[in-house]
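The structure appears below as C-alpha cells.
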Amino acid sequence: MKPALRIHALNTVLDTPRGMVRAVDDVGFELRPGECFALVGESGSGKSMTALSIMRLLPEAGRIVGGEVDLDGLDLLGLPEAAMRSVRGRRIAMIFQEPSTALNPVLSVGRQIVEVMERHTELSREEAKRKALELLRSVGIPDAERRFEQYPFELSGGLKQRAMIAGALAVDPEVLIADEPTTALDVTIQAQILELLARLLRERGMALLLITHDLGIVARMAHRVAVMYAGEIVEIAEREAFMRAPQHPYSQKLFAALPSPRRRAGELAVIQGQVPPLTQEFRACRFAERCDQAFDRCRIEAPAMLEARPGQLARCHLREAGPAAPRAQSLGSHESIKTASGEGNVLLRIRDLQVHFPIRRGLLKRTVGYVRAVDGVSFELRAGRTLALVGESGSGKTTTGKAILQLIAPTAGSVRFADTELTTLSRAEIRPRRSAMQIIFQDPYGSLNPRMRVLEILLEGMRSLGIGRDEAERTARITRLLGEVGLPAEALGRYPHEFSGGQRQRIAIARALAVEPKLIVCDEPTSALDVSVQAQILNLLRALQQRLGIAYLFITHNIAVVEYLAHEVAVMYQGKIVEHGDVDRVLGAPAHPYTRELLAAVPTID
Ligand code: SF4
C-alpha cells in the first residue's frame with residue numbers, strides 16, 4: 001500500500017546556549033492510510049520534535065538540516081511557507097496534549113471549526129456550520145448546538161480535547177498527528193477518545209501518527225510502533241511482535257520498568273543513568289552507558305538498524321546473533337507484598353470526613369449552596385501500609401488528602417493521627433506535628449522556592465523541625481537522600497529551574513523524607529514522570545516503607561501503580577468512597593459498577 005506520509009533521514013537541530021542539540025537524528029518511517037503508527041519514548045527522546053518537524057512548526061531555535069517529508073508525492077520540506085500553511089490543517093492536522101494551546105480562548109468552539117473550513121474549503125458559512133455540528137456530534141460531544149456557541153473555558157478538559165479533534169478533522173485530513181492526546185485526561189474519557197480515533201481510522205482511512213509514552217495505549221491502538229531514544233529510532237515493529245518480544249534493550253527495559261501485580265514482591269527494573277547530551281556527535285551506541293547488555297564493541301561502534309525478525313528492526317549489535325526471546329507475560333497472580341514492619345498500629349483514623357465548599361452568587365456573594373467535595377469519608381491506615389485513593393478528576397481525592405493534613409479545614413468529621421484528634425487543634429498546635437505528616441504533589445515546581453538552592457530547600461525543613469544534631473549531620477543525610485532519589489550530589493548547589501520535571505519530583509520526595517515522616521500523602525507523585533523514572537520513585541517509596549514503616553496515602557488514577565504499591569484501595573466517586581478493600585479483592589473482583597467501569601477503561605499491555 002502506498003504510504004500516506006514518508007519520512008526519510010530527517011535531521012532537526014536546536015541551537016541552544018549549550019551548543020547545537022541534535023534533537024532528531026536520521027529519523028525515517030512510513031505511515032500508511034488507515035494505520036495508527038505509534039512513536040514511543042521518554043521525555044527528550046525527540047518524538048515531539050519529529051512531529052513538529054513534519055508540520056514545520058518548530059520553535060524559533062529549531063532548524064531542519066536534512067531529510068525528506070513526503071506527503072503522497074508532495075515534498076513538504078521544499079514548500080514555500082504559504083503553500084505549507086494550506087497543507088497544515090487541510091491535509092495534515094495535529095492535536096496536542098493540552099487543548100488550551102490549540103483553541104482560541106476568545107472565539108466560540110463552533111466559530112473556530114467553521115473558520116478552518118472557510119479557510120480551506122469552498123463550503124458556505126451555513127454548510128460549514130452544519131458540518132461543524134455534525135463533527136461535534138461525531139466526536140461524542142453531547143448537546144452539540146449549545147457547545148457550538150460556548151467558549152473553550154466553558155468546556156471540561158475532555159470536551160475541549162474532543163472539540164480540538166473536531167477542529168482537526170474539519171477538513172478531512174489525510175494524516176492526523178496526535179501528540180500525547182489523552183495524557184491529561186481521566187481514563188474513562190481517554191478510553192472514549194481512543195475509541196473515537198480508532199473509529200476515524202476505520203471509517204475515513206486517515207493515517208494517525210500517535211505520540212505516546214504509554215505502552216498500554218500502544219497495545220490498544222497501534223498497528224506499528226517505533227521506539228525513539230536520544231533523538232533516533234532504535235526499534236520499529238508490528239505491534240504484536242513488539243509487545244511479545246521487544247528487540248532493543250531499551251524497549252525491553254521500558255516493559256520491565258512498568259509496575260504490575262506480578263512484580264509486587266520485587267523491585268521494578270530501572271534504567272540507570274541519564275540520556276546522553278545530544279550536543280555530541282555519537283560514534284558509539286547511545287544507550288551503551290545505561291545498557292546492562294553492553295559489551296566492548298558497543299562503546300566504539302554505533303549499531304546499524306538490523307532486522308531481528310521479518311518486519312522487526314532494532315538498532316543493536318546483539319541482533320546480529322539473532323532475535324531476543326519473548327518477554328515474560330503477566331502471570332495474573334497477585335503476590336503478596338512483604339513489609340518489614342508487617343501490620344503496624346493504626347496511624348490514621350478518618351471518620352465521616354466532610355469538606356463542603358460554598359457556592360457564592362450575586363453582588364453580595366451570598367451562599368446559594370454547597371459543593372460536597374468530600375462527603376462522609378471514613379477509613380483507617382496502619383503504619384507501614386499503603387492505601388491507594390483512586391478515582392477521576394473531581395472525585396474528591398486531593399481534597400481528602402489535604403483535609404487530613406489540615407491544609408484545608410474539614411467541614412465535619414474526625415481525623416485522628418497517632419491518637420491525636422487533628423481537627424480541634426490550632427495552627428500552632430499542628431505545626432510541630434507537620435514533620436510526621438508530609439505531602440508530595442504531582443507538580444513539585446510550585447512548592448519548591450525558586451530562589452533557594454536544593455541544599456537550602458532541604459535544610460530548611462530539617463532545621464525548623466530539629467532533625468539532625470548539626471549542619472554536618474544534616475548535610476550528610478541530605479547527600480545520602482539525594483543519592484537514594486537518583487540525583488547527583490552536585491544537585492545541591494543548583495536551583496529548581498535547572499532540573500527536569502522528574503528531577504524536581506525527586507527533590508520534593510527528598511524534602512519530604514528529610515524530616516522523617518510517619519505518613520506521606522502522595523498526590524499523583526509519578527503521573528508526570530517517564531516510566532523509567534517512575535520505576536525508580538516507586539522502588540524508592542517501597543524500600544523506604546519497608547525500612548522505616550512509613551504509611552502512604554497514595555492518591556492516583558494509575559491502576560498499575562496501585563496494583564504494584566498498595567495494600568488496600570479505596571475508590572472515590574463524587575466525594576464518597578464507593579468501594580474499599582484489599583487491593584487483590586477490589587481490582588480482581590470489583591463489586592461496585594463504577595469500579596468495574598474504571599478498570600475496564602484502563603489500557604493494559606498484556
Ligand atoms: Fe546495548 Fe550494545 Fe545493543 Fe547498544 S548495541 S543496545 S549497548 S547491547
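The values are calculated or read from the model by the stated rules, or taken from the named source; none is laboratory data. Everything quoted here is computed from the prediction, not taken from an experiment. We place every Cβ from the backbone using ideal geometry, glycine too, and count neighbours over all the protein chains shown.
Restricting the first member to region 142-158 and to residues that are assigned by TED's automatic domain parsing to the domain that holds Ile95 and of a type in the set (A, V, I, L, M), and the second to residues that are surrounded by 15 or more Cβ atoms within 10 Å (Cβ to Cβ) and in a loop (DSSP other than H, G, I, E, B), the beta-carbon pairs closer than 9 Å and six or more apart or on different chains are Leu155/Leu103; Leu155/Ile141. Taking the residues in region 84-115 that are within 17 Å of Leu57 (Cα to Cα) and of a type in the set (Val, Ile, Thr) as candidates, determine which candidate is surrounded by the fewest Cβ atoms within 10 Å (Cβ to Cβ). Ranking the qualifying residues of region 84-115, first place goes to Thr101. For region 291-313, a residue qualifies if it is near the ligand (Cβ under 8 Å from one of its atoms), of a type in the set (Gly, Ala, Ser) and surrounded by 20 or more Cβ atoms within 10 Å (Cβ to Cβ), but none of them does. Of the candidates His567, His557, the single residue that is closer than 30 Å to Gly483 by Cα, out of contact with any Gly (no Cβ under 6 Å at 6 or more places or on another chain) and modelled with pLDDT under 90 is His557. Of all residues in region 263-283, those satisfying the criterion of being among the aliphatic types (A, V, I, L, M), in contact with a helix residue (DSSP H, G or I) (Cβ under 9 Å, 6 or more places away or on another chain) and over 18 Å from Gly46 (Cβ atoms) are Leu268, Ala269, Val270. Of the residues examined, Arg286 is one that is surrounded by 19 or more Cβ atoms within 10 Å (Cβ to Cβ) and within 11 Å of the ligand (Cβ to nearest atom). From the list Glu42, Glu30, the one residue that fits, being closer than 21 Å to Pro246 by Cα and without any contact (Cβ under 8 Å) to a residue 60 or more places away in the chain, is Glu30.
Per-residue answers, yes or no, for (1) surrounded by 21 or more Cβ atoms within 10 Å (Cβ to Cβ); (2) small (Gly, Ala, Ser); (3) touching a residue at least 40 places away in the same chain (Cβ under 8 Å):
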{"position": "Gly483", "(1), (2), (3)": "no, yes, no"}
{"position": "Leu492", "(1), (2), (3)": "no, no, no"}
{"position": "Gln505", "(1), (2), (3)": "yes, no, yes"}
{"position": "Ala512", "(1), (2), (3)": "yes, yes, yes"}
{"position": "Glu516", "(1), (2), (3)": "no, no, yes"}
{"position": "Ile520", "(1), (2), (3)": "yes, no, yes"}
{"position": "Asp530", "(1), (2), (3)": "yes, no, yes"}
{"position": "Ala535", "(1), (2), (3)": "yes, yes, yes"}
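If you go through region 461-475 and keep only what is modelled with pLDDT of 90 or more and part of a helix (DSSP H, G or I), you end up with Glu471, Ala472, Glu473, Arg474, Thr475.
Please tell me if Ser336 is at pLDDT below 85, in a loop (DSSP other than H, G, I, E, B) and under 30 Å from the mean Cα position of the chain (by Cα). Yes, satisfied. So, in region 429-459, exactly how many residues are crowded, with 19+ Cβ neighbours inside 10 Å, part of a helix (DSSP H, G or I) and not aliphatic (A, V, I, L, M)? Residues in region 429-459 being crowded, with 19+ Cβ neighbours inside 10 Å, part of a helix (DSSP H, G or I) and not aliphatic (A, V, I, L, M): 2 in total. Of the strands (runs of 3 or more DSSP E) contained entirely in region 543-606, those carrying at least 2 residues that are surrounded by fewer than 23 Cβ atoms within 10 Å (Cβ to Cβ) fall at 568-573, 576-582. For region 173-184, the condition holds for no residue, the condition being that it is over 30 Å from Leu318 (Cα atoms), assigned by TED's automatic domain parsing to the domain that holds Ala38 and assigned to a helix (DSSP H, G or I). What are the residues in region 287-319 that are among the charged types (D, E, K, R) and either within 21 Å of Glu238 (Cβ to Cβ) or in contact (Cβ under 8 Å) with a residue 60 or more places away in the chain (or both), if any? Listed by number, the residues that qualify are Glu307, Arg309, Arg315, Arg319. Looking at region 357-369, can you tell me whether even one residue there is at pLDDT 90 or above and buried (at least 17 other Cβ atoms within 10 Å of the Cβ)? Within region 357-369 (the criterion being at pLDDT 90 or above and buried (at least 17 other Cβ atoms within 10 Å of the Cβ)), the answer is no, since none of the residues qualifies. Taking region 177-192 as the range and being hydroxyl-bearing (Ser, Thr, Tyr) and within 14 Å of His213 (Cα to Cα) as the test, the residues that pass are Thr182, Thr183. Among the residues of region 263-279, just one is without any contact (Cβ under 8 Å) to a residue 60 or more places away in the chain and either among the hydroxyl-bearing types (Ser, Thr, Tyr) or away from the ligand (no atom under 16 Å from the Cβ) (or both), namely Gly266. Residues in region 244-267 that are assigned to a loop (DSSP other than H, G, I, E, B) and more than 14 Å from Arg327 (Cβ to Cβ) were compared, and the one that is modelled with the lowest pLDDT is Ala265. Just for region 169-222: of the residues that are of a type in the set (Lys, Arg) and over 18 Å from the mean Cα position of the chain (by Cα), which one is surrounded by the fewest Cβ atoms within 10 Å (Cβ to Cβ)? Checking each candidate, the answer is Arg202.
Conditions (1) within 16 Å of the ligand (Cβ to nearest atom); (2) within 17 Å of Ser43 (Cα to Cα); (3) in contact (Cβ under 8 Å) with a residue 60 or more places away in the chain, marked per residue:
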| site | (1), (2), (3) |
| --- | --- |
| Thr212 | no, yes, yes |
| Glu232 | yes, yes, yes |
| Glu240 | no, no, no |
| Pro249 | yes, no, yes |
| Pro261 | no, no, yes |
